[in-house]
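The block underneath contains the structure these notes are about, expressed in structure tokens.
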Amino acid sequence: MSSNSGRDPERKREAYRRWRRENPEKVVEYRRRYVQEHAEHIAALNRAWREANLDRSRELNRLSARRQAKRRRQREARNARARERYPEIRDAAIERARRFREEHPERVREYQRRYKERHPARARQNAAAASQRYRDAHADELRERQRVAAAERRRADPDAFKEWYARNREAQRARGRESARLRARLKVLGLPARHIQGIYAAERRANDAASDEFFQRRRSLDERAKIATESSNPGALEIPGAVDKRRRQISRVNVTVTAKERIRRATVSGEHRLRTAEVAAELKQEKARERRTSDLERIKHGHEAARQKILDSRPEIYEYHRRRREAQIREEVRMDSVARQYRGLPAYQVGRETAERMDAEVAGIVRARLEALKERTLSKVDRVLERYEPVATRQTASSREAARL
């Protein structure tokens, strides 16, 4: 009796393990249902354990973060190796996938169904992209098929268009009246008539992509100068080379003549005499302006370098913030997810929501650092202006005194 009773628990455990191996899907479903039904109780137990074992909890979080980082690095390395190797085995991989689809159509449909359930938005996007690629690759064939189908419909029902027009007569007449008013307005304004050229969808998408690339591309200083010149003088667009000519004219008009140059011109021309005190005041004021410009340029370059350094250090900020806050944010997301389920809303995807909240916090940190850098730069600029403004005022006063002598 005692020996049999001692073996019974072991037989039960072995039978339970065998059942788990034979029914993995039921195990997953039972676990999911239990977690969903006892979410608050499980959360309370986890919170109580973390409060009682704070150091161990932090150590486990650090170990989990290291494992995740290691798996991410391994996954990225595998993906990189696969991308390098794929061109060599592309044909074989395509043939293997085709053969698998032909031999296991039920499994393929099941995989597709699961993917659509997990990623509905991505599945719709991929399906739309695949459909668009097919239409672009078989554009002529599809157009010919559409023309044949339209001809068949016209032969089958020659009065279809007349019936449609009779149903939409008022809307079409209103459209015609609006077109006539538009043509009349264009004629009164001296503008050419509206001309609409029909193009196919592929060409339209190519034009949209080209326009987006043109307007979103960062312009160099020379290109911005040309654009500014064109906007200030529309006639420059009609003459080849007028942009550069107009830019030279603007640069000559806007050039500030320095004190040395004005003194030299006055001395050479002899139009009027400049006294020694006035010459000294002019030269001192010019030097003050040069030093002020130099200091402001130095502050500007320093600000740009510091700003770029902050932007470049974002990955390091993110990694440091992730080590400090990932476990806490993940717990907050999990608790918010439980609260959403309690209110009847769908649960969060913990990993994605955690990453989004961490990105938002890191973006706030970077933004705060940039704002602090901006305040420091503005304070430096204010000190430079305060340092040189009294000098410029005294120099102007000295010039007035010299002029009265």
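Being modelled with pLDDT of 85 or more, under 30 Å from residue 143 (Cβ atoms) and more than 30 Å from the chain's Cα centre (by Cα) is a property that residue 211 lacks. Based on this model, can you work out whether residue 177 counts as of a type outside the set (Asp, Glu) and modelled with pLDDT of 85 or more? Taking the combined requirement at face value, the residue satisfies it. Please return the ranges of helices (runs of 4 or more DSSP H) entirely within the range 126-192 where 2 or more residues are of a type in the set (D, E, K, R) and in contact with a helix residue (DSSP H, G or I) (Cβ under 9 Å, 6 or more places away or on another chain). Answer list for the range 126-192: 139-156.
Among the candidates 369, 387, the residue that is among the basic types (Lys, Arg), part of a helix (DSSP H, G or I), modelled with pLDDT of 85 or more and under 27 Å from residue 298 (Cβ atoms) is uniquely 369. The lone criterion from (1) surrounded by 10 or more Cβ atoms within 10 Å (Cβ to Cβ); (2) farther than 30 Å from residue 352 by Cα left unmet by residue 118 is number (2). For the range 180-190, taking the residues that are open to solvent by less than 90 Å² (accessible area, probe 1.4 Å) and of a type outside the set (Gly, Ala, Ser), the one that is modelled with the highest pLDDT is identified as 182. Contact map, the range 196-210: residues that are part of a loop (DSSP other than H, G, I, E, B) paired with residues that are modelled with pLDDT of 85 or more and not small (Gly, Ala, Ser), Cβ distance under 9 Å, separation 6+ or inter-chain. Pairs shown: 199/207; 200/143. The lone criterion from (1) at pLDDT below 85; (2) more than 17 Å from residue 43 (Cα to Cα) left unmet by residue 361 is number (1).
The requirement of being surrounded by fewer than 11 Cβ atoms within 10 Å (Cβ to Cβ), within 26 Å of residue 346 (Cα to Cα) and out of contact with any Lys or Arg (no Cβ under 7 Å at 6 or more places or on another chain) is not satisfied by residue 99.
Please go through the range 204-215 and pick out each residue that is surrounded by 10 or more Cβ atoms within 10 Å (Cβ to Cβ) and of a type outside the set (Lys, Arg).
206, 207, 208, 209, 210, 211, 212 - these are the residues of the range 204-215 that are surrounded by 10 or more Cβ atoms within 10 Å (Cβ to Cβ) and of a type outside the set (Lys, Arg).
Within the range 336-353, the only residue that satisfies the criterion of being in a loop (DSSP other than H, G, I, E, B), hydrophobic (A, V, I, L, M, F, W, C) and within 27 Å of the chain's Cα centre (by Cα) is 347.
Residues in the range 23-74 that are in contact with a Ser or Thr (Cβ under 8 Å, 6 or more places away or on another chain) and open to solvent by 100 Å² or more (accessible area, probe 1.4 Å): 49 only.
The values are calculated or read from the model by the stated rules, or taken from the named source; none is laboratory data. Small disclaimer: the values here were computed from a predicted structure and weren't measured. Counting neighbours? That spans all protein chains shown, and the Cβs are built from the backbone with ideal geometry, glycine included. In case anyone asks, the SASA skips ligands and DNA or RNA and just uses the protein heavy atoms, side chains included. Shrake-Rupley method; radii C 1.70, N 1.55, O 1.52, S 1.80 Å.
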